[in-house]
Amino acid sequence: MMKNLREDTRRLRAIKTKPFPFYVIESLLFENGYQAVVLYRIAHWFKSRRVPVLGPFFARLSLFLTSVDIAPGARIGPGLFISHGIGLVIGAGVRIGRNGTLLHQVTIGAPTGRRLEQMPTLGDNVFVGAGSRLIGKIEIGDDVFIGVNCVVTEDIPAGTKVTTTAGLTLEAGGEVPADEESERDAVLRER
């Protein structure tokens, strides 16, 4: 547990300007992502040693304090970095390699219920963008970048960048074509 926590803490140096130990103290007090990682490490330690109640207790404490829900049974390698972790969920059967980066509102788990055998496995150095969902028994290779709001239900090979488009189209100019203007006016009149 301590080795993993040291690696998790080292990842903070990339975003913190204060020297050691001040950036660690600041993160423990004010960074919900780091707090969630520390509480997960404690919960997993108790769970892996079959100490009853304490694993789920620390997982629940993490959810209460940070709004991050990481099951104590998940296996996460050293160097985990969670940025703005609000709404993040990691299921009990999930496996994540070294130096994972997860943003807020990420869900990693099974398609239904408590199916531990149907949860994702992520390799080393995987980045998962805000709002993404990784669902099912899938393998995500090393050095994969998953952009914001992606829904991943298939295996992703190592070194791949996964993104999605929102379908938003912008046009220059402020004039509305006559046929679109009459449709818009009709909708407004109905209201």
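Against the numbered list (1) in contact (Cβ under 8 Å) with a residue 24 or more places away in the chain; (2) hydrophobic (A, V, I, L, M, F, W, C); (3) over 20 Å from ASN32 (Cα atoms); (4) surrounded by fewer than 22 Cβ atoms within 10 Å (Cβ to Cβ), VAL53 comes up short only at (1). For segment 67-97, give me each residue that is out of contact with any strand residue (DSSP E or B) (no Cβ under 9 Å at 6 or more places or on another chain) and β-branched (Val, Ile, Thr). The answer is ILE86, and nothing else. Tallying residues that are more than 20 Å from the chain's Cα centre (by Cα) and part of a helix (DSSP H, G or I) within segment 7-57 yields 13.
The set of residues in segment 65-115 that are basic (Lys, Arg) and touching an Asp or Glu at 6+ places or on another chain (Cβ under 9 Å) contains only ARG98. The residue that is surrounded by the fewest Cβ atoms within 10 Å (Cβ to Cβ), counting only those in segment 58-94 that are hydrophobic (A, V, I, L, M, F, W, C) and in a helix (DSSP H, G or I), is PHE64. Across segment 109-143, the qualifying residues are those that are farther than 18 Å from THR163 by Cβ and outside any loop (DSSP other than H, G, I, E, B), and the one among them that is modelled with the lowest pLDDT is LEU116. Kindly check whether there is at least one residue in segment 66-88 that is more than 21 Å from VAL128 (Cβ to Cβ) and modelled with pLDDT of 85 or more. Taking every residue of segment 66-88 in turn, none turns out to be more than 21 Å from VAL128 (Cβ to Cβ) and modelled with pLDDT of 85 or more.
The values are calculated or read from the model by the stated rules, or taken from the named source; none is laboratory data. What you see is a predicted model, and the numbers here were worked out from it, not measured in a lab. Reconstructed Cβ throughout: ideal geometry from the backbone, glycine too, with neighbour counts over all protein chains shown.
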